[in-house]
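The values are calculated or read from the model by the stated rules, or taken from the named source; none is laboratory data. Quick caveat, the model's predicted, so the values are computed rather than measured. Cβ coordinates were reconstructed from backbone atoms using ideal geometry, including for glycine residues, and neighbour counts include every protein chain displayed.
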Amino acid sequence: MYDIIIVGAGPAGLTASIYARRSNKKVLVLEANTYGGQIINTLDIENYPVEMHISGFDFATKLYNQAKELGSEIKFERVNEIKNLDNHKEVITTKNTYECKSVILATGSLNKHLGIDREKELTGKGISYCATCDGAFYKHKDVAVVGGGNVAVEDALYLSDIVNKVYIILRNDTFKAEESSVNDLKKKDNIEIIYNSSIVKLIGESKLEKIVIKDKNEKEKELDVSGLFIAIGRTPENENFKNLVNLDEYGYIITNENCHTNVEGIFASGDNRVKELRQLVTATSDGAIAATEAIKYVNKI
């Protein structure tokens with residue numbers, strides 16, 4: 001039996017595993033996809049203490065290796081269900097069933113979709129949710145980015161150094177991104193900002209060839225683009241735990257300030273829980289807090 005099972009190998013989950021192992025707890029980290037969470041797609045991290053400039057991939061890899069060196073067991077299996085039993089928890093994955101004394105949910109969040117026809121069909125054929133992953137495929141071509149937050153602006157800036165032209169499309173007339181990043185965006189000659197518009201149609205047979213946008217006056221316009229990068233936010237990956245812990249109306253796990261859920265011995269950390277600020281530094285902070293609380297819980301039982 002494990003002392004603590006951590007669901008998710010992003011910054012919150014891996015940090016939690018580091019703290020748990022340093023307290024000599026038997027730890028299993030379960031991850032459905034790859035380590036690192038959404039930060040792995042960030043080109044340059046500038047706001048994390050000590051590291052002035054580090055790529056998301058390098059940051060996540062260092063964190064992963066640190067967790068492994070400290071003795072964290074990490075398996076790539078999707079968790080389908082967690083049972084809260086009388087004297088332990090049961091974590092059921094696509095491959096196995098594991099028993100533990102405590103669980104930390106650090107599942108993060110998923111990309112939001114536009115929800116228009118052919119979006120799924122053209123994903124990987126012109127539509128992407130990761131500019132740093134796929135930007136190189138569009139060298140010297142025209143592309144579009146949809147979204148007005150930090151990720152969308154970062155994507156547009158990154159792509160502007162690779163592609164011929166970037167359209168960035170906002171539903172409103174203002175950005176949600178940090179002002180300094182928006183100022184950098186406006187200095188780029190090959191970035192065109194389109195305000196008060198939304199994408200209503202995707203055109204292309206075997207691959208994306210054009211998008212149709214509609215402005216607030218219902219006027220439509222076609223843009224010839226080879227790639228569309230969607231950066232309109234994320235949703236928490238808590239669907240499999242909605243009958244286990246309390247969620248808010250948006251699907252985020254409700255916790256107290258120490259990452260306790262409503263279920264004794266189950267904690268939540270990172271972008272999947274209700275909180276004001278979702279940043280790399282708050283994810284790692286959550287991981288440390290959740291692990292510390294889980295350790296206290298395990299020591300009591």
Quick check on this structure: which one of LEU170, LEU202 is in contact (Cβ under 8 Å) with a residue 40 or more places away in the chain, touching a helix residue (DSSP H, G or I) at 6+ places or on another chain (Cβ under 9 Å) and either in the same structural domain as ALA144 (by TED's automatic domain parsing) or more than 13 Å from VAL145 (Cα to Cα) (or both)? LEU202
Identify, from the list ASN47, ASN96, the residue that is of a type outside the set (A, V, I, L, M), loosely packed, with under 15 Cβ neighbours inside 10 Å and farther than 30 Å from GLU178 by Cα. ASN96
Taking the stretch 62-118, which residues are of a type in the set (S, T, N, Q), without any contact (Cβ under 8 Å) to a residue 60 or more places away in the chain, outside any loop (DSSP other than H, G, I, E, B) and more than 19 Å from ASN243 (Cα to Cα)? ASN65, GLN66
Filter result (part of a strand (DSSP E or B) and modelled with pLDDT under 90) within the stretch 1-58: ILE45
Counting only residues that are out of contact with any strand residue (DSSP E or B) (no Cβ under 6 Å at 6 or more places or on another chain), surrounded by fewer than 17 Cβ atoms within 10 Å (Cβ to Cβ) and part of a loop (DSSP other than H, G, I, E, B), how many does the stretch 163-187 have? 6
Do we have LEU157 as in a loop (DSSP other than H, G, I, E, B), within 22 Å of ASN41 (Cβ to Cβ) and at pLDDT 95 or above here? no
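Being closer than 30 Å to GLY37 by Cβ and in a loop (DSSP other than H, G, I, E, B) is the filter here; which residues of the stretch 207-237 pass it?
If the condition is that a residue be closer than 30 Å to GLY37 by Cβ and in a loop (DSSP other than H, G, I, E, B), then LYS207, LEU208, VAL225, SER226, ALA231, ILE232, GLY233, GLU237 are the ones that fit.
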Which pairs do you get when a residue that is among the β-branched types (Val, Ile, Thr), found in the stretch 263-291, comes within reach of a residue that is surrounded by 21 or more Cβ atoms within 10 Å (Cβ to Cβ) and part of a strand (DSSP E or B), reach meaning Cβ atoms under 6 angstrom, with the pair 6+ apart or on two chains? ILE266/VAL103
